[in-house]
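Please read the structure below before turning to the comments.
The values are calculated or read from the model by the stated rules, or taken from the named source; none is laboratory data. Here the structure is a predicted model, which is why all the values come from computation and not from measurement. When we count neighbours, we look across all protein chains shown, and the Cβ atoms used for this are built from the backbone with ideal geometry, even at glycine. The protein model used for the area step is the full one, side chains on, heavy atoms only, and it has no ligands, DNA or RNA in it. Shrake-Rupley method; radii C 1.70, N 1.55, O 1.52, S 1.80 Å.
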Amino acid sequence: MAAALQVLPCLLRAPSRPFLWGPPVARMSSGMALAEQARQLFESAVGAVQPGPMLQRALSLDPSGRQLKVRDRSFQLRENLYLVGFGKAVLGMAAAAEELLGQHLVQGVISVPKGIRAAMEHAGKQEMLLKPHSRIQVFEGAEDNLPDRDALRAALAIQQLAEGLTADDLLLVLISGGGSALLPAPIPPVTLEEKQMLTKLLAARGATIQELNTIRKALSQLKGGGLAQAAYPAQVVSLILSDVIGDPLEVIASGPTVASDHNVQDCLQVLNRYGLRAALPRSVKTVLSRADSDPRGPHTCGHVLNVIIGSNSLALAEAQRHAEVLGYHATVLSTAMQGDVKSVAQFYGLLARVAAAHLTSPIAGHLLEEEAKLYQLAAELQLPDLQLEEALEAVAKAKGPVCLLAGGEPTVQLQGSGKGGRNQELALRVGTELGTQPLGPIDVLFLSGGTDGQDGPTKVAGAWVMSDLVSQASAEGLDIATVLSHNDSYTFFCSLQGGTHLLHTGLTGTNVMDVHLLIFRPQ
C-alpha cells in the first residue's frame, strides 16, 4: 500500500497548462528555479517545430491562387490536389494544409496515433484539429507506437487513394515521426502480426531506428518508395518533419517516397547481428528470397519532390537562442546523440565533471585524465557532428552560467518489465553519474525530453535531475540499481519527491527526436 501511495501523486498530477511542473518560480528553491528555466528552453525547442508554422513556411499560393509554391518549385492547381499523411505531427500539419489550400483539396487520408484528436481537443489545441466538414478522412491507430489493425486499414486506404491518381493530379504527402508504425502494409504472405513480432524483438534487443527501418522497408508495400510508386504518374510533394539523426530521407518513416533498392544483404546483416535470422517465420523468408531475385532493379522517384520542413537542429537552434536571452553561454554539442543509453549517460557524466572543473577551478592533473576519458568515450560513440572541443573552449571562457544542448535518440536494451522511456532512463542514469564525486560550488542540471511529449509507454515527455539525485533517492528509500535493472524509471520518478522531476507536456503535436540540456550555474 505504501508503494502505491508513493506513486499516486504522479498519477493524479494534472498540470494547469502544458510544460509545467512544480510551483511558480517565485516560491521555488534555487534548484527548482533552474529546472523551470530548463523547462522554458525545452518548450522553446518544441515551439520551433510546431506543424502549422513549419508548413506555412514551406507552402504558399501565388496571388491568383492557381499555383502552389514549394521552395523554388511551382505546381499548377485546378482542384487536382490530394493529400495523405502519417505520423505523430500529421494531424496539425493536415489542419494547416487544408486551411491554406482550401477548395483545391479534393480528398485526403491521414493515419495518426490513437487518441490524438481527443488529446488535442482536451489540451485546447484547436489549431491542431481539422474542421467539422473537412475533406480529410482520419484514421487513428498504432497504439504505443506499434503497428496494429487500425493502422493497417489506414495504410490500405492511403494506398487505394494513391493508386487512383492520374498524371494530372498532385499528391501532397505529410510525413512525421511515428510514420512507420502508422503505415503498415506487409507484403503477402507476411502478416501484420509477424512483422510486428519481428519489430518488437529487434527493438527489445537495442536495434537502432535505421536498422528497424531496413527490415520494415524490405517487408512493406508502401515503405522504401512504395507509396511514390503507387501514386505514379501523379506528381508527388512530400513535406517531412524529421525524427531521424542526420535527416536521411530514405530512413524517415522508412522512406515511402524515396527510391530504395531494398538490399536484402543489409536485412540479413541486421537479423544476424541480433540473433534472429534462424527464428524468422517462413513468410518473411519467402519475401526476402523474392526480393533477392527481383529483376526489376531499384525503383526511381523522379516524379517526387521531398522537402525537410523541420528537424532536431532547428529545435536546438531556437533553444540555444532562448538560452542566450536568459543569460547563458549556450552551445549545441550534437544533433546526433545515439548509442546505448548507458554509454550516453557516462558521456554526459564525464562532460559534466570536466565542464564543472573548467568553471570552478584551475586546470589540474585529474581534470586532464577525465578529459582524456571523455574524448575516448566520444570516439567510441561515433557522433558524426559532435562539437566537443568547441563546447569545452566555450565553457573555459565563460564568465557565468553555461548551457550545453544536444539532440538525438539513444537506445535502451530492455532487461525488465518496468515502465519508462529512454528519456527518463537517461536522466536517471545521468543523475547517478553526477553523484559519483563532488562537482564544486556549482549547480548542475540535466534534462532529457522527447519532443513529441510522450516518452515510451508513459504520459510524460522525460525528466530532469541534479547532482543530489542519489542522496534524494536514498533519503526516500528508493533503490536506483534495482530500478534500472527493471527499466522502471517512470515509477522511480513518480515516487521521487511526488513526481516533481517528471516533465509533463502532453502530446505536443510534433516530433523531432529528443532534446538534452546540461546546465551549469555557479552558486
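What's the extension gain from ARG290 to ASP340 if we count 0.36 nm per residue and subtract their Cα-Cα distance? Value of the extension gain: 14.6 nm.
Mean residue ellipticity, 222 nm, helices only, the chain: the sum of -39500 (n - 2.57) across DSSP H runs of n ≥ 4, divided by residue count and rounded to 500, is -12500 deg cm²/dmol.
Extents of region 318-418, largest first, come to 45, 36, 28 Å (Cα atoms, principal axes, whole angstrom). Between helix 30-47 and the chain there is an angle of about 20 degrees, using the helix long axis and the longest principal axis of the Cα atoms. Taking the C-alpha atoms only, the angle from helix 192-204 to the longest principal axis of the chain is near 20 degrees. Placing R0 at 41 angstrom, the Cβ-Cβ distance between ARG321 and SER134 gives a FRET efficiency of 0.70 after rounding to 0.05.
Relative contact order for the chain: what is it in percent, counting Cα pairs under 8 Å that are at least 6 residues apart? It rounds to 17 percent for the chain. In this label model, SER417 and THR191 are separated by 2.4 nm, measuring between points 7 Å along each Cα→Cβ vector. The convex hull drawn around the Cα atoms of region 75-126, when projected onto a plane and averaged over every direction, covers 3.9 nm². Probing with 1.4 Å while keeping every protein chain in the model, the per residue accessible area of the chain equals 40 Å². Computed over the alpha-carbon atoms, region 138-273 gives an Rg to Rh ratio of 0.95, Rh here being the Kirkwood radius from the mean inverse distance.
For region 484-523, the normalised intensity computed at q = 0.22, 0.25, 0.27 Å⁻¹ comes to -1.00, -1.02, -1.01 (log10 of I(q)/I(0), Debye sum over alpha carbons, equal scatterers, no solvent). Volume per residue of the convex hull around the Cα atoms, evaluated for region 251-355, comes out as 158 Å³.
A convex hull fitted to the Cα coordinates of region 431-520 yields 99 cubic angstrom per residue. Between ARG282 and GLN376, full extension at 0.36 nm per residue minus the direct alpha carbon distance yields a gain of 29.5 nm.
Using only Cα atoms, tell me the angle between helix 2-12 and the longest principal axis of the chain; keep it within 0 to 90° and round to the nearest 10. Roughly 60 degrees between the two axes. Spin-label model, THR436 to ARG273: label points 7 Å out along the Cα-to-beta-carbon direction sit 2.6 nm apart. Subtracting the Cα-Cα distance of GLN107 and LEU305 from their residue separation scaled by 0.36 nm leaves 69.3 nm.
Please find the FRET efficiency linking ASP150 to GLU79, where r is the Cβ-Cβ separation and R0 is fixed at 41 Å, and quote it to the nearest 0.05. Taking R0 as 41 Å, the efficiency between ASP150 and GLU79 is 0.85.
Taking amide H as placed 1.01 Å from N in the peptide plane, ASP340 has its amide H under 5 Å from the amide H of THR411, each at least 5 places away in sequence or on another chain.
Is there a pair in LYS200/LYS223; LYS285/LYS459; LYS223/LYS342; LYS114/LYS195; LYS114/LYS223; LYS125/LYS200 whose C-alpha atoms are over 28 Å apart, and which pairs would that be? Listed pairs above 28 Å: LYS285/LYS459; LYS223/LYS342; LYS125/LYS200. Ignoring the sites themselves, the chain has its longest run without trypsin sites (Lys or Arg not before Pro) in a DSSP loop having at most 10 other Cβ atoms within 10 Å at 79-295.
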